[in-house]
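The values are calculated or read from the model by the stated rules, or taken from the named source; none is laboratory data. Bear in mind the structure is a predicted one, so any value in this text is a computation, not a measurement. Methodologically, a virtual Cβ is constructed for each residue, glycine included, from the backbone with ideal geometry; neighbour enumeration extends over all protein chains shown. Just so you know, the surface numbers come from the protein's heavy atoms only, side chains and all, with ligands and any DNA or RNA stripped out. Shrake-Rupley method; radii C 1.70, N 1.55, O 1.52, S 1.80 Å.
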Amino acid sequence: LVGREKCYTSPLIYIGHKRPGKNARAFFAFVIDVDGVNLSGLKFFFKAVADGRAPKPSIVVSSGSGIHLYFLLNEPLALNAYTSPMLHYLKIALTTKLWGMCSSIANPQYHGIFQGYRVPGTKAKVDYGINRNALGFIDATDDVPYYTVSMLNEYLLKSRNLSQELPLNSLQLE
């Protein structure tokens, strides 16, 4: 896959030959896409992780001018009409919080839980005229964190009340 163009994946299992949301059956990770990340934003974010003010990502992917933060779940969650909206809402809350920690762009961009993401090793967007491959990073100490929904929710509850910050119109599922 190295150098290949436009290769995407999502942290889901689908049934059938196509991947519309109605065919999604299992959810394996929250992937938070943060655009406009510069070196000072990365330093601030990883300092917050070290200080316990942000959850440690299981995987970090550099996607050109941004990062994808993967929070792997310790076991897959079944997707249905009840769980999908709740997972989407939690993803919006995580995006709001993490975007504010490391992006130079004021307004977060929200993606649904069915969003596909660039595979590490494949070509990232052209950034300032330079072709780059998406790069994936994982902790080499085998200290890769796995999460439950409760753990991520607890982080949000401890960090502060986000209810006033969340745009209610962003709750539409893709």
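Kindly indicate the residue of segment 32-88 that is assigned to a helix (DSSP H, G or I) and in contact with a Gly (Cβ under 9 Å, 6 or more places away or on another chain) and also nearest to E154 (Cα to Cα) among those meeting that condition. Before the answer, list the steps.
Our first condition is that a residue be assigned to a helix (DSSP H, G or I); within segment 32-88, this holds for 39-50, 83-88.
So of that shortlist, the ones also in contact with a Gly (Cβ under 9 Å, 6 or more places away or on another chain) come out as 84, 88.
On the way: S84: 19, H88: 16 Å.
In this case the residue turns out to be H88.
Here I92 meets the list (1) outside any strand (DSSP E or B); (2) open to solvent by 10 Å² or more (accessible area, probe 1.4 Å) almost entirely, failing just condition (2). Among the residues making up segment 32-62, a single one is closer than 16 Å to Y146 by Cβ and polar (S, T, N, Q): S58.
Condition first: touching a residue at least 40 places away in the same chain (Cβ under 8 Å), touching a Cys at 6+ places or on another chain (Cβ under 9 Å) and either open to solvent by 10 Å² or more (accessible area, probe 1.4 Å) or under 24 Å from P108 (Cα atoms) (or both). Can you find one or more residues in segment 58-81 that meet it? Within segment 58-81, none of the residues are touching a residue at least 40 places away in the same chain (Cβ under 8 Å), touching a Cys at 6+ places or on another chain (Cβ under 9 Å) and either open to solvent by 10 Å² or more (accessible area, probe 1.4 Å) or under 24 Å from P108 (Cα atoms) (or both).
Scanning segment 22-31 for residues that are in a strand (DSSP E or B) and out of contact with any Phe, Trp or Tyr (no Cβ under 8 Å at 6 or more places or on another chain) yields A26, F27, F28.
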